[in-house]
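The values are calculated or read from the model by the stated rules, or taken from the named source; none is laboratory data. Quick caveat: nothing in here was measured; it's all calculated off a predicted structure. All Cβ positions, even for glycine, are placed from backbone atoms using ideal geometry, and neighbour counts span all protein chains on display. Ligands, DNA and RNA are stripped out before the accessible areas are found, and what is left, the full protein with its side chains, is counted by its heavy atoms. Shrake-Rupley method; radii C 1.70, N 1.55, O 1.52, S 1.80 Å.
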Amino acid sequence: MIDRRRLLRTGGAAAVGALGAAASSVTASAAEPARGPSPRPGGDPDPTGGVTRTLLQKHPSPAKGWETVQTLVQIPRRKESGRHSHPGVEVGYIIRGDVLMEFDDRPPLRLRTGDPFFIPEGAVHNARNVGKVTTMMLSTYVVDETKPLVTTY
């Protein structure tokens, strides 16, 4: 069995560097700020401020009417993605950071550097950075090509 955490500790800098290079090769217009809910009373007036989703690649899926999209999501310290869903599945990997993945219909999931995750189609969720560094997540979606990648709530 592969120890993902050990692998990341020894090879993580190279992986993060490679992803950073891939992300920087994408045009600036491909990086879109994530949109989230209005602030909670007494909370951060901009809880999603600085959150970005950078398009790395997009291809037709073998299944007609679907596409595969891969992004690099970055969430600054004490920020969150905002409640949202996708019109298909999300398969992801925490490159760096600590996230509390909150769901409307199930208990939250604590994710740390090196952890994979899976989010079912239509599941409303929010990725909250609960760590000390900017979180970096590699997310791959297989989604309905006729719908927006993200629907916010």
For this session: Please enumerate the residues belonging to the range 76-111 that are more than 13 Å from the chain's Cα centre (by Cα) and not small (Gly, Ala, Ser).
Result: Arg77, Arg78, Pro87, Phe103, Asp104, Asp105, Arg106, Pro107, Pro108, Leu109, Arg110
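Is it fair to say Ile119 is touching a strand residue (DSSP E or B) at 6+ places or on another chain (Cβ under 7 Å), of a type outside the set (Phe, Trp, Tyr), without any contact (Cβ under 8 Å) to a residue 60 or more places away in the chain and more than 13 Å from Tyr141 (Cβ to Cβ)? First the steps, then the outcome.
On the way: touching a strand residue (DSSP E or B) at 6+ places or on another chain (Cβ under 7 Å): yes; of a type outside the set (Phe, Trp, Tyr): yes; without any contact (Cβ under 8 Å) to a residue 60 or more places away in the chain: yes; more than 13 Å from Tyr141 (Cβ to Cβ): no.
The answer is no for Ile119.
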Exercise. From the list Gly114, Gly92, which residue is in contact with a Leu (Cβ under 9 Å, 6 or more places away or on another chain) and not in a strand (DSSP E or B)?
Worked result: Gly114
Exercise. For the range 71-100, how many residues meet the condition of being touching a residue at least 60 places away in the same chain (Cβ under 8 Å), within 18 Å of His125 (Cα to Cα) and not charged (D, E, K, R)?
Worked result: 10
For this session: Go through (1) open to solvent by 40 Å² or more (accessible area, probe 1.4 Å); (2) touching a strand residue (DSSP E or B) at 6+ places or on another chain (Cβ under 7 Å) and name the single condition Lys64 misses.
Result: (2)
Exercise. Can you name the number of the only condition in (1) at pLDDT below 85; (2) β-branched (Val, Ile, Thr); (3) closer than 23 Å to Lys147 by Cα that Val51 fails?
Worked result: (1)
Problem set entry | Given (1) surrounded by fewer than 14 Cβ atoms within 10 Å (Cβ to Cβ); (2) not in a loop (DSSP other than H, G, I, E, B), index of the condition Val133 fails | (2)
